[in-house]
Each structure stands twice: as structure tokens, then as C-alpha cells.
Amino acid sequence: MLPDDDRVHSRSIDKSASTECGPEQDFAYRAFISYSHSDSKWARWLHSQLESYRLPPRLVGQVTSSGKLGKRVGKIFRDRDELPVAADLSGKINEALRETQFLIVLCSRASARSKWVNQEIINFKRMKGAESIVAVIVDGEPFASATPGRESEECFPEALRFQVDSGGNVTTEGAEPIAADLRPGKDSKRLVKMKVLAGLLGVSLDELIRRDNARHQKRLFWLSIASVTGMAAMAVLSVFAITARNDAERQKHQAEDLIEFMIGDLRAKLEPVGRLDVLDSVGEKALAYFATLKPGELDADTLGRRARALHLLGEISDLRGDADQALTYFTDANLSTEELLRRAPNDAQRIFEHAQSTFWLAQASRRKGDFVGTERLLQNYEALANQLVDLNPNSAAWRSELAYSNVNLGVFLSEQRRFDEAVRKFSIATSLLENTARKSGPNSQAWLDYATSLAWLADTQFDNRQLSEALNTRNNELDIYDRFLRLDENNAVILEKSATCYRALGAIALDQGLIEDALRYLTNARETIAELVRIDPENMERLALLGRANLEIADANLVVRDVEQARINVAKGASIGERLMKADPGAVEWRVKVVMRSDLMTSIVEKIENNTRGALARIETLEQELNSIPSEILARSDTVLLRAQLLEAHADLLKSAGQHEAAAELREDALRILGAPARLPGRAQLTALALLVGLDREGESRALASGLVRAGYRRPFLAEWCKSELRCD
């Protein structure tokens with residue numbers, strides 16, 4: 001095999017050559033195909049397709065950004081003469097680049113490593129700019145070099161991935177090349193040809209496909225007429241056969257081109273502006289086409305397109321909240337990927353595609369409340385990820401996929417309050433991601449993925465009453481952020497992650513009774529978030545985080561009965577809540593987590609300050625507002641806890657007013673909302689304990705409090721109750 005750097009040049013420069021389709025500035029060549037020797041098969045195919053293509057008559061004579069269009073595309077330069085390995089690009093190549101309007105780069109793992117392809121891109125960018133470059137992927141993976149462990153899969157040469165300055169130096173500023181894709185399961189050959197032609201001619205892809213199809217139909221029509229005239233009766237039979245065959249082929253091309261356009265280019269254009277709904281009508285046409293085909297009779301490429309189209313429609317339905325329709329689409333897509341895997345059971349790409357399909361189906365099942373089905377599907381996802389690792393244990397991508405499958409199972413199990421099982425799954429994920437991170441650079445994305453998995457693990461340990469373990473996990477997470485911040489102390493993303501970690505540390509310290517530590521952590525978090533809000537005041541999500549940070553500090557103030565500071569911090573949270581509702585009155589998340597939480601804490605402060613009437617009116621208003629909250633939000637653990645704490649506060653107010661029976665009923669309601677105390681997260685168990693104590697249920701209170709104390713909980717209320725009459729073991 002020849003070295004990757006071997007290059008070939010066959011076509012000499014002919015300055016007298018003219019194009020039939022040139023712009024106002026004459027070029028000897030419409031395009032220059034740059035490629036590695038190992039991709040010469042694709043270069044020959046593309047060269048032949050472009051030079052032999054005749055433009056549809058209705059496009060001939062039009063003036064586009066590429067100039068006045070002629071009957072043909074024009075000459076295409078494809079290098080074929082071998083260069084010495086140590087030589088710089090020849091003068092002929094540079095001259096060809098100067099005389100070329102567009103550069104076509106065949107992108108593969110080989111071309112990504114080729115210094116000649118890279119240099120041709122650099123020279124062309126210096127001469128013509130990046131906007132006249134058309135990329136065609138033949139193998140490998142775009143931007144894989146950014147993922148540790150996958151660098152060898154990169155298909156884009158460095159000069160294509162990054163900007164080039166006027167001196168011909170590749171900078172660190174990223175570029176975003178748009179590419180046609182010849183890899184199996186991606187664009188069809190015809191669609192790739194059409195995409196490249198659209199770029200060279202300066203016309204839209206859909207217009208070119210439409211004109212080309214119209215010309216094809218017209219050609220078939222005249223062919224049929226000629227056949228009828230020349231061959232009489234036999235021609236009749238031939239016409240029917242030819243027309244039927246070509247019509248079927250044409251319809252197949254149109255449908256497949258439409259689907260590829262839908263799930264590729266059109267989605268990329270519509271998704272940033274939030275108009276995926278426009279794809280509905282296109283999706284209906286695609287599904288109507290697929291309905292005429294039986295899955296067992298489809299080739300792999302068509303099955304893959306079918307699955308991708310169904311996934312897109314499933315995601316659109318999911319975004320609209322139509323869980324039934326989303327489940328239907330994802331189920332159908334999963335059948336397609338399952339069939340593809342059945343045909344190639346050891347193909348890693350097919351396993352990966354079916355794993356992704358299974359994940360989406362699990363998400364749809366979870367939204368429908370089918371928790372048994374959801375767990376089974378997530379376990380299937382994990383099994384598929386294990387298959388990938390078995391096929392290639394050294395693949396960082398497959399190890400990460402296995403980690404993600406465990407994270408998703410962990411999240412599900414945590415939602416089901418199966419905390420021990422969830423901790424095990426998150427522990428597996430963190431171990432896998434830590435291993436990947438340690439094999440990558442010290443400041444790679446892999447370390448941030450590992451930090452995210454630590455956050456999930458710590459949250460579940462906290463819910464599982466493993467306070468010491470949660471503290472250690474959060475400190476490990478914080479060490480990663482500190483290392484990144486030493487390199488860039490103004491990195492807003494890392495600062496926000498760090499602040500979230502400090503908030504969690506504050507919650508742990510508060511439950512351990514370490515009030516000063518809790519206030520220090522929480523104040524650090526608030527100051528960091530406040531600075532981020534000052535830098536980007538339009539970022540409402542960060543403003544919401546600032547509101548929650550103020551309320552968390554107020555909670556710590558109330559634990560030690562510092563009512564004055566609690567009032568100040570609650571007022572800050574409430575003020576932010578008003579700003580959030582003014583910005584978006586329909587934002588339920590902000591209403592529950594900031595506005596309603598601040599109102600509840602305000603009522604607690606008012607009760608302590610003996611403003612019983614004001615506190616009671618506020619509580620009753622809050623209870624009415626909860627009736628307008630969507631059921632899926634009400635069912636979430638944080639909202640359930642808020643409702644229980646709201647009823648507890650209401651019961652305290654009624655009891656202080658002498659309404660003991662009404663207070664007891666509210667406490668019983670709150671316990672029913674929370675569920676069995678033994679299965680509750682640690683923080684919710686503290687609320688359940690307060691409710692049980694208020695109901696004078698001594699035995700249950702003693703058992704629950706003893707468990708909390710053994711787990712390390714030392715909140716003043718708990719410590720005082722346990723000391724009284726030595727209630728706790």
C-alpha cells in the first residue's frame with residue numbers, strides 16, 4: 001500500500017480551456033477535487049458524475065452566485081500525477097487552484113492525515129476563502145478528534161476544521177464545514193451528487209432536484225413516444241415496462257431524497273428557529289411512502305432512513321407533549337433498527353443505532369407512565385452498550401455509551417426511590433468515565449463528563465442518606481472544576497457548575513448540623529451566580545439559580561432562628577421571582593422553584609414574627625395556586641416535598657390558633673402525599689419526621705429519627721427532639 005501522503009496529478013493546466021458554465025470571472029476549472037490516494041475510487045466516480053452532468057434546460061442561462069449557467073457544469077480538475085513524498089505542492093497544483101472556482105474535498109480518515117490535502121485546503125482558503133469549499137464524507141467521523149480516544153476516526157483535515165489566516169496558518173478558531181455524506185446509511189449517491197452540484201451551480205438543492213426530476217420525466221416521455229413510433233405493438237409493451245420500472249425508480253429516488261433532506265438539511269435549518277412543526281407534512285409524505293413497503297423487503301439503507309425519519313417525527317411529537325404519538329413513532333422506529341441489527345448482529349454501527357432507538361423508546365414509555373416497560377427497555381439499552389464494549393473494549397466511545405446507559409438506569413431507579421440500586425448504577429458510570437478521563441488530556445471534555453456523573457452519584461447518595469459519601473463525591477467533583485478554573489477563572493460554564501456543587505455541599509453541611517460550613521458554601525455559590533448574572537443579565541436561567549441560592553441561605557438562617565437575615569434573603573428571592581414571572585408568566589419551573597418557595601418561606605417568617613393572619617392568607621393562596629400546576633410537575637419529588645411542607649406550615653398555623661383537629665388532618669394529608677417514610681429521600685424524611693412529631697406518633701417518630709441520626713443527620717430540630725427523654729438510639 002502506498003503511504004497516505006502519496007498524491008497523484010494527471011490533468012495538466014490548459015489556460016485556453018473554457019467552461020460552459022462560468023461566472024463573470026473566467027476559470028479554467030469549475031472545481032478541483034482534493035483527495036487521498038486511497039479514496040481515488042470515489043474521486044473517479046464524482047469526477048465522472050460532475051463532468052457528464054447536463055443541466056436541466058430551465059436552469060440554463062440563469063445567473064446565480066456562481067455566474068451564468070451553461071449546459072454543463074464545466075471542467076473538473078482531478079490530480080493524478082505522483083509527487084515525491086518530501087516535495088511541497090507543485091507549481092502546477094497551485095496554478096490549478098488559482099484557476100479553479102470551487103474546491104471539493106473528499107473527507108476520510110486517510111485524507112484527514114494527508115499533508116497534501118491539508119495544504120491544498122490552506123492554499124485554496126488563502127486564495128478564495130472557505131465559502132467556496134464543498135466537503136464530501138466517504139468514511140470516518142466528523143470532529144471525532146475532539147473526543148479523546150476517537151482521534152483516529154477523524155475525517156475532516158485540520159485546515160477544514162479550523163479557520164486559516166492570511167499567512168496560511170491554521171488557527172484555533174473553529175470552522176463549520178457543511179458536507180454531503182457518502183457513508184452507508186447516510187446520503188444516497190444521487191443525493192450527494194445533487195448536493196455538490198447545487199453548491200457548484202449556486203442553486204438550492206430542492207430546486208435542482210425538482211428540475212432534474214422534471215427533465216428526467218420529460219426524457220422518459222419522449223423516449224416512450226419514439227419507441228411507440230418505431231416499434232409499433234412491441235413498443236407498447238416496452239413502453240409500459242420501461243415506464244413502470246423508471247417511474248418506480250424515480251418515485252423511490254424522490255422519496256429517499258425527500259427523507260434525507262428532511263432529516264438532514266431541512267432539520268438543521270428549522271431546529272435553531274424552533275420550527276420543527278414545518279416538517280410534519282413532509283413526514284406524512286415519507287410515512288405514506290414507507291407504508292407501501294414491507295420491512296423485510298427493504299434494503300438496509302432504506303430501513304435506516306425509515307428509522308431516522310420516524311425518530312425525527314417522534315421527537316417533534318415529544319416536544320409538543322403528544323406522548324401517545326411519540327410512543328407510536330419510536331416503537332415503529334425501534335422495529336426498523338431491530339430488523340437492521342438482525343441482518344448484521346455483529347455490526348457495531350447497527351448495535352449503536354438500535355441502542356439509541358431503544359433509549360428513545362424508553363423515554364417515551366416513561367412519559368406514558370409505563371415504568372415496567374421503561375426499566376426493561378433501559379436494561380436492553382445497557383445490554384446493547386455492553387455488546388459494543390465486548391466488540392471493542394478499547395473504544396472510548398463505546399465505554400462512554402455503557403456509562404450513559406448506566407446513568408439513565410440510575411436516574412430511572414432514583415425516580416422510583418430505589419436508591420441503593422441507583423447508587424450502584426451511577427458508581428459503574430463514574431468508574432467508566434473516570435477511566436476514559438484519565439486516558440485523555442488533563443482538561444478534556446472527558447473530565448467534565450466524569451464530573452457530571454459524580455454530580456448524579458452525589459445527589460443519589462444524598463437522597464439515600466449517605467451524607468459522608470455524598471460529601472466526598474462532591475469534593476471530588478469540585479476538584480475537577482477547580483483545575484479548569486485555574487486555567488480560565490472566567491469560564492462561565494465551569495463557574496456555574498462549581499456554584500451548583502457548592503449549593504449541594506451547603507445542603508449536606510446543613511443536614512449534618514454544620515451551619516457555619518453550610519452558610520460558607522451557600523454564600524460562595526450565591527456570589528458566583530450573582531457575578532454570572534451581572535455579566536449576562538439576560539440569562540433568566542442563571543437569574544433563577546440566584547433566586548434559589550438566596551432561598552437556600554434563608555433556609556440555613558431559619559434553622560438557627562436568625563429571622564432577620566432569613567427575612568432579607570427571602571425578600572431577595574421573592575424579588576427575583578417577580579422578575580422571572582415578568583419575563584415569562586407561563587414558566588411553571590420558575591413559579592414552583594422560586595416564586596412559590598419564596599412565598600412559603602415568607603409565611604414561615606411571618607409566623608415567627610407573630611403575623612399569623614398574613615402567614616395564613618399567604619398559605620391559603622399558595623394552596624389554590626398549586627391547583628393550577630400541571631399534573632406532571634405536581635408528581636415530581638421536589639414539588640411533592642413543597643406541597644408537604646406547605647401543609648405542614650398550614651397545620652402549624654392552625655394548631656397555634658387552637659384548631660387541633662384541622663391541623664392533624666392537614667398533617668395526615670401531607671404524609672399521604674409524601675408516601676412511605678422509609679422510602680423517602682433523606683431531606684423528605686426530615687419533613688415526614690416533623691409531621692409525625694406534630695401528630696404525636698411517638699413510635700414511628702422514634703424509629704425514623706434514630707435512622708436519620710445513625711446516617712449522620714444533626715439538624716437542630718432533630719438533635720433537640722432526640723435528646724429529649726433520650727428518644728433516639
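Every number in this text was worked out from the coordinates using simple rules, so none of it is lab data. Since we're looking at a predicted model, the values are computed, not measured. All Cβ positions, glycine included, derive from the backbone under ideal geometry; neighbour counts span all protein chains shown.
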Completion exercise
Scoring only Lys, Arg, Asp and Glu (+1, +1, -1, -1) among other residues with Cβ under 15 Å from the Cβ of R486 yields -2
Completion exercise
The ³J(HN,Hα) series, computed from each phi in region 587-595 with the Karplus coefficients 6.51, -1.76 and 1.60 at θ = phi - 60°, rounded to the nearest Hz and given as x for glycine or proline, is 7, 5, 4, 5, 4, 6, 7, 10, 5
Exercise for the section: Putting +1 on Lys and Arg Cβ atoms and -1 on Asp and Glu Cβ atoms, find which of Q101, V73, S145 reaches farthest to the positive end of the dipole of region 29-203. Expected result: V73
Fill in the blank from the handout: For F32, other-chain or 5+-apart residues with amide H closer than 5 Å (H placed, Pro excluded) are F77, F102, L103, I104
Problem - Label-reachable residues, region 492-526, where backbone N falls under 15 Å from a point 7 Å from K723's Cα toward its Cβ - result: 513-515
Problem - region 464-590: C-alpha pair distances exceeding 20 Å, % - result: 48 percent
Exercise for the section: Mind scanning K115/K193; K75/K186; K41/K195; K193/K439; K368/K582 and naming the pairs with a C-alpha gap bigger than 30 Å? Expected result: K193/K439; K368/K582
Exercise for the section: Give me the net charge of L641's neighbourhood, meaning all other residues with Cβ under 12 Å from the Cβ of L641; Lys, Arg count +1, Asp, Glu -1. Expected result: +2
Exercise for the section: Run the dipole for region 682-729 about the Cα centre, Lys and Arg Cβ at +1, Asp and Glu Cβ at -1, nothing else charged, and hand back the magnitude in debye, nearest 20. Expected result: 240 debye
Problem - Alpha-carbon centroid distance for the pair region 316-393 / region 436-478, whole angstrom - result: 27 Å
Completion exercise
Full extension between R613 and E668 adds, at 0.36 nm per residue less the Cα distance, a length in nm of 17.5 nm
Exercise for the section: Can you check what the net charge comes to around P537, using other residues whose Cβ is under 13 Å from the Cβ of P537 (Lys, Arg +1; Asp, Glu -1)? Expected result: -1
Handout entry: I137 long-range amide H proximity, modeled H, under 5 Å
Key = C107, A180, D181, L182
Practice task
With θ set to phi - 60°, apply the Karplus curve 6.51 cos²θ - 1.76 cosθ + 1.60 along region 54-67 and write out the HN-Hα couplings as whole Hz, x wherever there is a Gly or Pro.
Solution key: 9, 5, x, x, 6, 8, 5, x, 5, 10, 10, 4, 8, x
Fill in the blank from the handout: By the C-alpha gyration tensor axes a ≥ b ≥ c (rounded if a/c is under 1.5, else prolate when a/b exceeds b/c, else oblate), the shape of region 361-480 is oblate
